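Novice: This is the structure I have questions about; it appears just below.
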Amino acid sequence: MASPLRLDPPEPTLNRAGQDSTTSYLRRRGRDFIISFYGTLRAIKLYPVEHTAVRRSLAELTEIATEIMNRERELELRVSGEFIFINATRLRLDLTNYASFGYLLRICRESGIGAIRIHDGISERAWLVFLSRLDSASSEPSDDRRESLIAHLATAGMTSIELGPPQDEATDPDQTEHQKDAANRTYTKSVALTKDVINSVRMGRTPSIKKIKRVVQGIVDQILNEETSLIGLTAIRDYDEYTFTHSVNVCIFAVALGRRLGMTKLQLFDLGLSALMHDIGKSRIPVTVLHKLEDLTNDEWLRITAHPWLGVLVLFQLKGQQEEVTYRAMTVAYEHHMRGDLSGYPQVIRPRTLSMTSKIVAVADGYDAATSRRTYQTVPYPPSAVLQEMRDNPRRGMDPVVVKAFINLLGIYPVGTLVVLDTFELAVVTSANPSFDALSRPIIRIVSDANGNMLVPPLEVDLAQVDGNGDYPRTIIKTADPDRYGINIGDFIV
Ligand SMILES: [Fe+2]
Ligand SMILES: [Fe+2]
């Protein structure tokens, strides 16, 4: 039995993100779409198909769907747990849509439907064929119900409605393993493709936009599907592959952040591409300078700080392949070290406001760079200290709203943090707690007991769980340096 629906608090205004128009449009018209969807289902159930109530409902539903598609270039209704998403935007539940939301969640769950994708040219007839079948009582198991709906649509020649399976039921352990595998595959493939792209630029060739797009698409899909596993993988931070994993990590953080800030799938794609390519200008700087251990000479420092505009030049080569996308990527390559107060580099003479995409990438980039081990940074900073610095030191020039969203995304103790518990056990944080009010209570793996004996295998614990008296059996008291204990964090994450 599903838990009762919880109402969302009143809508906060989010003007800083610059995405409010799309988000609020999708929330408003997405809600209308759901109400109309529900109304049409009811009309079909109550009246004969030729009745004006049915006709009117079908016309309205088709009109709303077409309007959203024309504006957003896509229309996907996705059901995940207790939430409904239109494209990547979660609809807010309030008293006016309580009945329609609850009904839709139930009918999708019972029919084994996770997503309904609408394609161009959707007609009233297609809706009628689909909805009259959707609500018909059936004793078939849910997967078979979806299959039979798909077959029914195909027989009727209706190609404008596509039905996808449920995607994230994280409670089933098999499903969780499956999700981790999928995230692993996406991550490994992304690093390999990024390596190809960066190496081809190093050799003076034009990188293939197709390869870049493949990486970004994979990451966006994975984040929309289930973000926790992919974010967890960023904590591995492979020293030898830093250049490639850094680009992929920044892309993952940026897309997950963009999603929190309410961006649409298409905007996430553009953001991901810009994030993946933010340091592409470094491929035009000799590796001996990039990886130099000793202090840099003035000349070498100048070469490093040239990477933002060198990146713009590399991206110009892609311009012929896909103009609109690379324009945003050029801005990000140029602005990602500039800082909000313009105290970074390249130095600019005229006042300017950084683009939202640059602000997001700067946060993702700053975090990944500071928490990684590199040739000249053998001891990385603990993730929690980096987040605190980004939030509290204005000289970092990070956008406070973006940093706040980032802390919400990662939790106060991000994945990969080694922590000491009040039981004197040592543990590695493996994922943020999905519940927003448990930022300081992540999921951990205990690696050693109070006497310092290693636990094999490590014990997985959710710090938000209370015991029979309603108390927390374990609480984090501080973070610790993994090197001091000879712990390789990566061993505990995958
Ligand atoms: Fe950079
Ligand atoms: Fe970077």
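Novice: Being of a type in the set (Lys, Arg) and closer than 25 Å to Val386 by Cβ narrows it down to one of Arg185, Arg260, so name that one.
Specialist: Exactly one residue qualifies, and that residue is Arg260.
Novice: Considering only residues that are more than 23 Å from Asn408 (Cβ to Cβ), aliphatic (A, V, I, L, M) and either surrounded by 12 or more Cβ atoms within 10 Å (Cβ to Cβ) or in contact with a His (Cβ under 6 Å, 6 or more places away or on another chain) (or both), which ones fall in region 455-491?
Specialist: The answer is Leu455, Leu459, Ala480, Ile487.
Novice: When both residues are 6+ apart or on different chains and their Cβ atoms are under 8 Å apart, which pairs have a first residue that lies in region 30-46 and is assigned to a helix (DSSP H, G or I), and a second that is acidic (Asp, Glu)?
Specialist: Pairs found: Ser36/Glu60; Gly39/Glu60; Thr40/Glu60; Leu41/Asp135; Ile44/Asp135; Lys45/Asp135.
Novice: Among the helices (runs of 4 or more DSSP H) confined wholly to region 123-233, which include 2 or more residues that are within 22 Å of Ala88 (Cα to Cα) and modelled with pLDDT of 85 or more?
Specialist: Hits in region 123-233: 173-202, 209-225, 227-233.
Novice: Would you mind telling me which numbered condition in (1) within 28 Å of the chain's Cα centre (by Cα); (2) surrounded by 15 or more Cβ atoms within 10 Å (Cβ to Cβ) Asn408 fails?
Specialist: Among (1) within 28 Å of the chain's Cα centre (by Cα); (2) surrounded by 15 or more Cβ atoms within 10 Å (Cβ to Cβ), Asn408 violates only (2).
Novice: Within region 290-309, how many residues turn out to be in a helix (DSSP H, G or I) and within 13 Å of ligand 2 (Cβ to nearest atom)?
Specialist: 4
Novice: Looking at the structure I just gave you, is Leu271 crowded, with 23+ Cβ neighbours inside 10 Å, within 13 Å of the chain's Cα centre (by Cα) and aliphatic (A, V, I, L, M)?
Specialist: In short, yes.
Novice: Within region 280-289, identify whether any single residue is more than 15 Å from ligand 1 (Cβ to nearest atom), not in a helix (DSSP H, G or I) and not β-branched (Val, Ile, Thr), and answer yes or no.
Specialist: Yes: region 280-289 contains one or more residues that are more than 15 Å from ligand 1 (Cβ to nearest atom), not in a helix (DSSP H, G or I) and not β-branched (Val, Ile, Thr).
Novice: So, one more: Looking only at residues in region 246-270 that are within 16 Å of ligand 1 (Cβ to nearest atom) and in contact (Cβ under 8 Å) with a residue 60 or more places away in the chain, which one is nearest to Ser24 (Cα to Cα)?
Specialist: Applying the filter and picking the extreme gives Ala254.
Novice: Could you list, in sequence order, all residues of region 336-364 that are in a helix (DSSP H, G or I) and charged (D, E, K, R)?
Specialist: If the condition is that a residue be in a helix (DSSP H, G or I) and charged (D, E, K, R), then Lys359 is the only one that fits.
The values are calculated or read from the model by the stated rules, or taken from the named source; none is laboratory data. Fair warning: this is a prediction, and the values are worked out from it, not measured in the lab. Note: ideal-geometry Cβ built from the backbone for every residue, glycine included; neighbour counts use all protein chains shown.
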